[in-house]
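The values are calculated or read from the model by the stated rules, or taken from the named source; none is laboratory data. Worth saying up front: this structure is predicted, and the values here are computed from it rather than measured. Every residue, glycine as well, gets a Cβ built from its backbone with ideal geometry; the counts of neighbours run over all protein chains shown.
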Amino acid sequence: MKPQPEIVELDFGMGNIRSLQKAFEHLGHKVEVIRTPEPVSKADAIVIPGDGAFGQAMENIRAAGFYEAVMDFIKSGKPVLGVCIGFQILFESSEEFDYNGSGFGLFRGKINKFNSVGLLVPHIGWNNVEWTKNSRLTQGIENGSYFYFVHSFRCDEQHEWATGISSYGGTFTAVVEKDNVYGLQFHPEKSHKNGLKLLENFTGLI
């Protein structure tokens, strides 16, 4: 019997950790939540979760030693999944709280605030996502399916590496994919069968 893949989820104090872990467990996959970087090098996949602020997330990640470990892991070609704030910190920077530091910089561009007049922010609730490219991550999920969002900042328009876009006060990127790095602005663990199917697809990339 083929052994279960070693999936690790980074705990850097930014929320939604247990809910994502439970979603993978529901699918029959064990996920180890880690607070130090040592287990990263032995993993088969990394999940970067998080609710909260871009700047605080990056400060916590660097303080825990995760930044270098993740960057080294990416070079191995093994899959990495960022969710919510874990999606946003894959980009170069953010205007959140005038943060002057940098993210992982794996995707070009800046994360910006929703600024349409009369728009309720944060954007909370179900929204449909249109697929822009074929992807193993979204395989078997109908185009235009709904996912659950909670965010005040977003990647404007359709990013060059977008595989999914949504609209709220204008088009924004909901899913990105570049080589072995994947990012989701929405919460798959709160998105019922579509979210679970996406997480199952991610484990199939290992």
Given (1) without any contact (Cβ under 8 Å) to a residue 60 or more places away in the chain; (2) polar (S, T, N, Q); (3) surrounded by fewer than 19 Cβ atoms within 10 Å (Cβ to Cβ), where does GLN21 come up short, assuming only one miss? (3)
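Quickly run through the range 50-66 and pick out the residues that are buried (at least 17 other Cβ atoms within 10 Å of the Cβ) and among the small types (Gly, Ala, Ser).
Quick first cut of the range 50-66, residues buried (at least 17 other Cβ atoms within 10 Å of the Cβ) only: 50-51, 53-58, 60-61, 64, 66.
Residues satisfying the conditions are GLY50, ALA53, GLY55, ALA57, ALA64.
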Which ones in the range 15-64 are over 16 Å from the mean Cα position of the chain (by Cα) and part of a loop (DSSP other than H, G, I, E, B)? LEU27, GLY28, HIS29, LYS30, ARG35, THR36, PRO37, ALA43, ASP44
Somewhere in the range 139-146, is a residue touching a residue at least 12 places away in the same chain (Cβ under 8 Å), touching a Ser or Thr at 6+ places or on another chain (Cβ under 9 Å) and within 26 Å of PHE104 (Cα to Cα)? no
What single numbered condition from (1) at pLDDT 95 or above; (2) of a type in the set (A, V, I, L, M, F, W, C); (3) buried (at least 17 other Cβ atoms within 10 Å of the Cβ); (4) farther than 27 Å from ILE74 by Cα fails to hold for PHE149? (4)
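Return the residue satisfying two criteria in turn: it lies in the range 24-48 and is touching a residue at least 40 places away in the same chain (Cβ under 8 Å) and touching a helix residue (DSSP H, G or I) at 6+ places or on another chain (Cβ under 8 Å), and of such residues it is surrounded by the fewest Cβ atoms within 10 Å (Cβ to Cβ).
Filtering the range 24-48 for residues touching a residue at least 40 places away in the same chain (Cβ under 8 Å) gives 24, 26-27, 29, 44-45, 47-48.
Checking which are touching a helix residue (DSSP H, G or I) at 6+ places or on another chain (Cβ under 8 Å) leaves us with 24, 26-27, 29, 45, 47-48.
Numbers: PHE24: 21, HIS26: 12, LEU27: 14, HIS29: 18, ALA45: 21, VAL47: 24, ILE48: 27.
Result: HIS26.
Kindly indicate whether GLY77 is touching a residue at least 40 places away in the same chain (Cβ under 8 Å), surrounded by fewer than 18 Cβ atoms within 10 Å (Cβ to Cβ) and under 29 Å from ARG108 (Cβ atoms). Write out each step before concluding.
Working: touching a residue at least 40 places away in the same chain (Cβ under 8 Å): yes; surrounded by fewer than 18 Cβ atoms within 10 Å (Cβ to Cβ): yes; under 29 Å from ARG108 (Cβ atoms): yes.
So GLY77 fits the description; yes.
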Within the bounds of the range 92-100, is there any residue that is modelled with pLDDT of 95 or more, under 14 Å from PHE153 (Cα atoms) and in a loop (DSSP other than H, G, I, E, B)? no
Is there a residue being acidic (Asp, Glu) and surrounded by 21 or more Cβ atoms within 10 Å (Cβ to Cβ) anywhere in the range 189-202? yes
Those residues of the range 103-121 which are of a type outside the set (A, V, I, L, M, F, W, C), surrounded by 13 or more Cβ atoms within 10 Å (Cβ to Cβ) and either touching a Pro at 6+ places or on another chain (Cβ under 7 Å) or not in a strand (DSSP E or B) (or both) amount to GLY103, GLY105
Within the range 84-102, take every residue that is over 27 Å from LYS193 (Cα atoms) and polar (S, T, N, Q) and give me the one that is surrounded by the fewest Cβ atoms within 10 Å (Cβ to Cβ). ASN100
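Okay, residues lined up against (1) out of contact with any Phe, Trp or Tyr (no Cβ under 8 Å at 6 or more places or on another chain); (2) aromatic (Phe, Trp, Tyr):
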position: GLU6; (1), (2): yes, no
position: GLY15; (1), (2): yes, no
position: ILE34; (1), (2): yes, no
position: PRO37; (1), (2): no, no
position: SER41; (1), (2): no, no
position: GLY50; (1), (2): no, no
position: ARG62; (1), (2): yes, no
position: PHE66; (1), (2): no, yes
Conditions first: (1) charged (D, E, K, R); (2) more than 14 Å from the chain's Cα centre (by Cα); (3) more than 27 Å from LYS78 (Cβ to Cβ). LYS133 passes all but one, so which condition is the exception? (3)
Please go through the range 168-206 and give me each residue that is in a loop (DSSP other than H, G, I, E, B) and touching a Pro at 6+ places or on another chain (Cβ under 8 Å), ordered by number. ASN180, LEU205, ILE206
